[in-house]
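Written out below as C-alpha cells is the structure these notes cover.
The values are calculated or read from the model by the stated rules, or taken from the named source; none is laboratory data. For clarity, every value in this text was computed on a predicted model and none was experimentally measured. We place every Cβ from the backbone using ideal geometry, glycine too, and count neighbours over all the protein chains shown. The area values use the complete protein model at the heavy-atom level, side chains included, leaving out ligands, DNA and RNA. Shrake-Rupley method; radii C 1.70, N 1.55, O 1.52, S 1.80 Å.
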Amino acid sequence: MKKFWLTLSCSAVLCFSSVQAAQPTDINYCARGTTALGVKYSTYTVRCSDGKKREITSWNRRKKWCVGTSRRCTNDQLKAAKMACRQKK
C-alpha cells in the first residue's frame, strides 16, 4: 500500500511540474535586421504552450541563438526557444 501512495504522489509531482514550464510549439522566421555596428541578425517568433509568443534572434549565420536581444544565448535554436518560453513576462 505504501508503494501505491508513493507512486501516486511522485506522478502527481511530475505532472504538476510539467504543467508549470511552458514549452515551444512553433518557431517561425520573422525578419532580418542589422545593428548600428553593421552586425546582421534574424528574428524568429516562438509560440509557447502557454499561448504566449516570445522572440528569439540568431547571430553569426545561425550559430548563436539568443532570447530576444538579451545576452541569454546558446548554440542551439531549440534551447533558446525553451529558455524564451520559460522566462516570466
Discussion item. Take LYS89 and tell me if it is open to solvent by 60 Å² or more (accessible area, probe 1.4 Å) and at pLDDT 95 or above.
Written reply: no
Practice prompt. Quickly run through the range 1-55 and pick out the residues that are at pLDDT 95 or above and of a type in the set (Phe, Trp, Tyr).
Written response: TYR29, TYR41, TYR44
Practice prompt. Please enumerate the residues belonging to the range 29-55 that are farther than 14 Å from CYS85 by Cβ, open to solvent by 30 Å² or more (accessible area, probe 1.4 Å) and polar (S, T, N, Q).
Written response: THR34, THR35
Worksheet, complete the sentence: Residues of the range 56-67 being exposed (fewer than 15 other Cβ atoms within 10 Å of the Cβ) and either without any contact (Cβ under 8 Å) to a residue 12 or more places away in the chain or closer than 14 Å to ILE27 by Cβ (or both), in sequence order, are ASN60, ARG61, ARG62
Worksheet item: Across the range 68-86, which residue is farthest from TYR29 (Cα to Cα) among those that are open to solvent by 50 Å² or more (accessible area, probe 1.4 Å) and part of a helix (DSSP H, G or I)?
Response: ARG86
Worksheet item: Give me the pairs: first residue in the range 23-41 and touching a residue at least 60 places away in the same chain (Cβ under 8 Å) and over 17 Å from LYS64 (Cα atoms), second residue assigned to a strand (DSSP E or B) and open to solvent by less than 60 Å² (accessible area, probe 1.4 Å), beta-carbon distance under 7 Å, and six or more apart or on different chains, which are they?
Response: GLN23/CYS48; PRO24/VAL46; PRO24/CYS48
Worksheet item: Within the range 33-63, can you find the residues that are farther than 16 Å from LYS79 by Cβ, basic (Lys, Arg) and assigned to a strand (DSSP E or B)?
Response: LYS40, ARG47, LYS53
